[in-house]
């Protein structure tokens, strides 16, 4: 598989980091693009530099490079995840504003009818946020809020992260053993 991973400036950057780590373990080709604020949040929340983050991806692309392969529909991928997805990025994607590589790649994934999963992290949600999420959902985008369940009885932060990363992988049809499923 070949998956684009976008990390934007919403809190919960650890989900994006953990997704890249799991994809690397599962030998899934990842194409990483990080917004300026995404880089800041990864550093602030995870204590990780952009260079360290890039080591987790198969390929990295500069967010300013609108000529990167992932900006074209002829570059075949199996989908894209924006994790976390800031409200600015969500609004840009919902309204077709392709002013950087992250939003252009999402636009391409949608126009090519490939799987797009956005993991928004904001609270409370305004009417504008909800309308943008509804707009994306109506276009076939999976909106997967960063809202982990607790029926798994997570023992620590790693368990909570595993639940959200696992649910994200589920949306892409990727098998994993990150958490115990309901009824098992």
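A short reminder: the numbers here are calculations on the coordinates, not readings from a lab. As the structure is a computational prediction, the values presented were derived from the model and not from experiment.
At q = 0.11, 0.16 Å⁻¹, what log₁₀ I(q)/I(0) does the chain have when each alpha carbon counts as one equal point scatterer in the Debye sum? Values, matching the q order: -0.42, -0.93.
Were the residues from residue 159 through residue 43 laid out at 0.36 nm apart, the gain over their Cα-Cα distance would be 39.6 nm.
Contact order normalised by length for the chain, with contacts defined as Cα pairs under 8 Å and 6 or more residues apart; what percent is it? Each step should come with its number before you reach the end.
Values: 332 pairs, mean separation 39.5, N = 184.
Reported as a whole number, the value is 21 percent.
For the chain, what is the calculated [θ] at 222 nm in deg cm²/dmol (nearest 500), taking -39500 (n - 2.57) for each run of four or more DSSP H residues and dividing by its residue count? -12000 deg cm²/dmol, from helical runs alone. The convex hull around the C-alpha trace of segment 93-175, projected and averaged over every direction, spans 6.7 square nanometres.
Stretch residue 135-residue 25 to full length: gain in nm at 0.36 nm per residue minus the Cα-Cα span?
Details: separation 110, 0.36 × 110 = 39.60 nm, distance 3.40 nm.
Extending this stretch completely gives an extra 36.2 nm.
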